[in-house]
Amino acid sequence: MIIIVLILVFIVDAYLFISPDQSKNMIDLINNYILNVFGFIYAWIVLLSLLLCIYIGVSRFGPIRLGEDKKEYSEFSWAAMMFCSSMAAGFIYWGSIEWVFHYMNPPYGIMPLSTEATEFAATLPLFYWGLSAWGVYLIPAVAFAFLRYNLKNERFDVASACKPLLGKYADGVGGKMIDIFFLFGILGGIGTALGIGSPLVSASLHQLFGFNDTPMLRFLVIIVVTVIFTVSAYNGVKKGIRILSNINIVLMLLLIIYVFLVGNKGFIVNMQTTSMGILIDNFFKMSTYMDPVNNSGDPQSWLVFYWAWWLSYSIFMGLFIAKISRGRTIRQVIFGGLFYGFLGSFSMFSVLGNYSMDLQLRGVIDIVKGVTENGGPATVIDMFSKMPLGGIVVFVILITSILSMATSFDSAAYTMAMVSSKQIPLNGRPSRKLTIFWAVALAAIPMALMIFNGSLVQVQALTVILALPTCVIYVIIVISCLKMLSQWSVINAPSQTTEK
Ligand code: NM2
């Protein structure tokens with residue numbers, strides 16, 4: 001399995017190296033095809049899985065405990081690990097400036113730069129990083145945890161979770177293909193996270209120390225991040241990933257509390273409140289809007305891209321959440337995941353985003369011009385450096401961006417090692433060598449793209465392409481999960497017959 005993945009990564013890298021232009025065109029072509037042809041399917045999958053996941057949480061399956069032990073991790077560590085493994089530096093980048101894009105080019109036929117555009121611009125990021133998005137992790141998490149802790153499966157892999165639906169087809173070659181597609185999905189998803197995070201880190205290094213923001217600097221950033229997350233994954237969940245995530249979440253919280261206190265608090269809370277109303281009012285429209293009449297491309301660039309990105313993480317996050325959820329009930333996993341996920345995204349996006357939107361609207365800093373002329377990372381760092389104690393704020397951003405990337409990739413490397421292990425004892429962990437191997441492999445594709453001058457657009461396109469097979473596996477796992485839970489509850493149901 002490892003060899004096949006390596007060969008495929010090598011082929012992609014070699015293709016990028018030998019004919020950069022042709023390979024870029026090819027990536028764009030496939031990406032556009034997927035966005036336009038399969039886009040609506042992504043929308044349905046994400047909406048239906050949110051509804052299904054709520055159903056599982058409230059149904060008779062909810063109280064089922066995953067494993068018989070008490071909770072392995074405290075509530076804080078569980079929420080911190082779940083949040084940090086999913087979020088890389090994107091929360092600072094998109095959190096601060098995603099609204100700019102919706103403000104300039106709003107969907108739903110809204111007038112650009114209008115009041116309505118501004119309010120929707122503050123709200124859309126809360127939707128794209130909101131309940132539906134977090135929902136895609138939770139059914140796989142339940143499936144993997146149930147299989148491992150209740151049905152005592154020897155392996156912690158993806159193919160086993162497809163077995164209730166695929167039967168013998170999930171064994172042998174079929175099973176290997178499933179695991180390989182899963183590994184590719186992660187590689188693609190993480191690529192975009194690195195592609196966004198490393199320019200942000202290099203922009204903060206430029207601001208703090210005057211280093212020139214060159215591809216070489218970004219390359220070095222990836223190396224530093226790779227070393228940190230490799231060490232963390234090597235030390236395992238309890239001694240590595242948990243500690244790094246706890247530190248990171250505290251830094252993230254300090255950052256948003258500070259930004260809130262320094263910012264225009266009235267504007268921030270009023271816009272947060274307004275956004276909640278707009279979000280609730282428009283939830284289904286936002287979930288299904290494909291713009292069939294004007295074909296503006298907005299749903300493809302945002303809804304479909306984001307859903308593909310979240311789905312590309314879904315299996316890896318499912319495995320990782322399962323790993324840390326031993327001793328919790330299905331209900332606690334589902335509603336805990338939705339609650340902490342949404343709360344985390346909401347606080348970060350609404351505080352950072354509304355802080356910068358307020359600066360724009362009051363004419364303090366022209367963020368829109370900054371993003372269009374100097375690009376996102378430089379604008380974000382420039383904005384934070386102009387805050388009171390700007391130098392310290394940028395330093396905190398530098399550290400939390402590095403840590404955020406590291407806490408995503410350590411859990412990814414760890415789960416990749418879990419999936420490629422033949423067998424893991426119930427209280428054991430995957431081999432350390434395999435963990436290091438996957439950590440290095442994770443950094444290879446984005447590094448290659450960077451060396452060959454690929455843009456973020458290409459990395460994003462690769463994410464969408466590699467997410468497609470993951471999406472198929474995702475649907476299989478969801479159906480398998482329902483099948484597995486119903487079979488189990490039929491066998492274990494208390495006897496219905498009562499004698500009088
Ligand atoms: N998601 C969108 O850069 C980042 O924050 C990575 C990945 C959660 C799948 C986010």
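The values are calculated or read from the model by the stated rules, or taken from the named source; none is laboratory data. Everything numeric here is computed off the predicted structure, so don't read it as measured data. Counting neighbours? That spans all protein chains shown, and the Cβs are built from the backbone with ideal geometry, glycine included. Heads up: the accessible areas ignore ligands, DNA and RNA and are worked out on the full protein's heavy atoms, side chains in. Shrake-Rupley method; radii C 1.70, N 1.55, O 1.52, S 1.80 Å.
Given the condition within 25 Å of F349 (Cβ to Cβ), modelled with pLDDT of 95 or more and small (G, A, S), answer yes or no: does some residue in the stretch 267-277 qualify?
yes
Would you mind stating whether G185 is within 16 Å of the ligand (Cβ to nearest atom) and either assigned to a helix (DSSP H, G or I) or open to solvent by less than 20 Å² (accessible area, probe 1.4 Å) (or both)?
Criteria met by G185.
Go through the residues of the stretch 203-219 one by one and say whether even a single one is closer than 16 Å to S408 by Cβ and assigned to a helix (DSSP H, G or I).
no
Given the conditions (1) under 18 Å from Y289 (Cα atoms); (2) open to solvent by less than 50 Å² (accessible area, probe 1.4 Å), and given that F38 satisfies all but one, which numbered condition is not satisfied?
Condition not satisfied by F38: (2).
Hey, any hits in the stretch 209-223 for a residue that's among the charged types (D, E, K, R), closer than 23 Å to F384 by Cβ and modelled with pLDDT under 90?
yes
Mind checking which residues of the stretch 379-409 are surrounded by 20 or more Cβ atoms within 10 Å (Cβ to Cβ), within 23 Å of the chain's Cα centre (by Cα) and not polar (S, T, N, Q)?
Scanning the stretch 379-409 gives V380, I381, I397, L398, I402, L403, M405, A406, F409.
Within the stretch 122-144, track down each residue that is assigned to a loop (DSSP other than H, G, I, E, B) and either closer than 21 Å to S411 by Cβ or more than 16 Å from the ligand (Cβ to nearest atom) (or both).
Once the filter is applied, which keeps residues that are assigned to a loop (DSSP other than H, G, I, E, B) and either closer than 21 Å to S411 by Cβ or more than 16 Å from the ligand (Cβ to nearest atom) (or both), the stretch 122-144 yields only W129.
Under 8 Å between Cβ atoms, at least 6 apart or on separate chains: pull out the pairs that start in the stretch 73-101 with a residue that is of a type outside the set (K, R) and end on any residue that is assigned to a loop (DSSP other than H, G, I, E, B) and more than 11 Å from the ligand (Cβ to nearest atom).
Short answer, once both residue conditions are applied: W78/K71; W78/S325; W78/R328; M81/Y73.
With the structure loaded, tell me whether K152 is in contact (Cβ under 8 Å) with a residue 40 or more places away in the chain, at positive phi, surrounded by fewer than 21 Cβ atoms within 10 Å (Cβ to Cβ) and out of contact with any strand residue (DSSP E or B) (no Cβ under 6 Å at 6 or more places or on another chain) or whether it fails that test.
Spelling it out, K152 is indeed in contact (Cβ under 8 Å) with a residue 40 or more places away in the chain, at positive phi, surrounded by fewer than 21 Cβ atoms within 10 Å (Cβ to Cβ) and out of contact with any strand residue (DSSP E or B) (no Cβ under 6 Å at 6 or more places or on another chain).
Every residue, every condition in (1) acidic (D, E); (2) modelled with pLDDT of 85 or more; (3) within 22 Å of the chain's Cα centre (by Cα), yes or no:
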{"site": "M1", "(1), (2), (3)": "no, no, no"}
{"site": "V12", "(1), (2), (3)": "no, no, no"}
{"site": "L16", "(1), (2), (3)": "no, no, no"}
{"site": "D21", "(1), (2), (3)": "yes, no, no"}
{"site": "N32", "(1), (2), (3)": "no, yes, yes"}
{"site": "W44", "(1), (2), (3)": "no, yes, yes"}
{"site": "S49", "(1), (2), (3)": "no, yes, yes"}
{"site": "C53", "(1), (2), (3)": "no, yes, yes"}
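Go through the stretch 44-66 and give me each residue that's polar (S, T, N, Q) and open to solvent by 10 Å² or more (accessible area, probe 1.4 Å).
The answer is S59, and nothing else.
Considering only the stretch 99-113, I want to know if a residue exists there that is small (G, A, S) and assigned to a helix (DSSP H, G or I).
no
Go over the candidates V100, V142, V58, V136 one by one and state the one that is under 24 Å from G327 (Cβ atoms), at pLDDT 95 or above, out of contact with any Leu (no Cβ under 8 Å at 6 or more places or on another chain) and of a type in the set (V, I, T).
Sole residue among the options that is under 24 Å from G327 (Cβ atoms), at pLDDT 95 or above, out of contact with any Leu (no Cβ under 8 Å at 6 or more places or on another chain) and of a type in the set (V, I, T): V58.
Exactly one of (1) away from the ligand (no atom under 14 Å from the Cβ); (2) of a type in the set (F, W, Y); (3) under 24 Å from I190 (Cβ atoms); (4) crowded, with 24+ Cβ neighbours inside 10 Å is unmet by F101. Its number?
For F101, the failing item is (4).
Can you find even one residue in the stretch 472-483 that is closer than 25 Å to N25 by Cα, buried (at least 21 other Cβ atoms within 10 Å of the Cβ) and at pLDDT 90 or above?
So far as the stretch 472-483 goes, no, none of its residues is closer than 25 Å to N25 by Cα, buried (at least 21 other Cβ atoms within 10 Å of the Cβ) and at pLDDT 90 or above.
Looking at the structure I just gave you, is V201 within 15 Å of the ligand (Cβ to nearest atom), of a type in the set (V, I, T) and touching a residue at least 24 places away in the same chain (Cβ under 8 Å)?
Answer is yes for this residue.
In the stretch 28-73, what residues are closer than 25 Å to V490 by Cβ and of a type in the set (V, I, T)?
Correct list: I54, I56, V58, I64.
I need a count of the residues in the stretch 13-63 that are farther than 30 Å from K483 by Cβ and either basic (K, R) or assigned to a helix (DSSP H, G or I) (or both).
22
Taking interchain pairs and intrachain pairs at least six residues apart, which have beta carbon atoms under 8 angstrom, with the first residue in the stretch 420-445 and open to solvent by 70 Å² or more (accessible area, probe 1.4 Å) and the second of a type in the set (S, T, N, Q)?
That search, which allows pairs on different chains as well, returns V440/T226; V440/T230.
Assess whether T463 counts as being open to solvent by less than 10 Å² (accessible area, probe 1.4 Å), part of a helix (DSSP H, G or I), modelled with pLDDT of 85 or more and under 28 Å from I34 (Cβ atoms).
Here the answer is no, as T463 does not meet what is asked.
Let's see how each residue does on (1) within 16 Å of the ligand (Cβ to nearest atom); (2) open to solvent by 10 Å² or more (accessible area, probe 1.4 Å); (3) over 30 Å from L151 (Cβ atoms); (4) modelled with pLDDT of 95 or more:
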position: E68; (1), (2), (3), (4): no, yes, no, no
position: Y73; (1), (2), (3), (4): no, yes, no, no
position: S85; (1), (2), (3), (4): yes, no, no, no
position: I110; (1), (2), (3), (4): no, yes, yes, yes
position: T115; (1), (2), (3), (4): no, yes, yes, yes
position: F120; (1), (2), (3), (4): no, yes, yes, yes
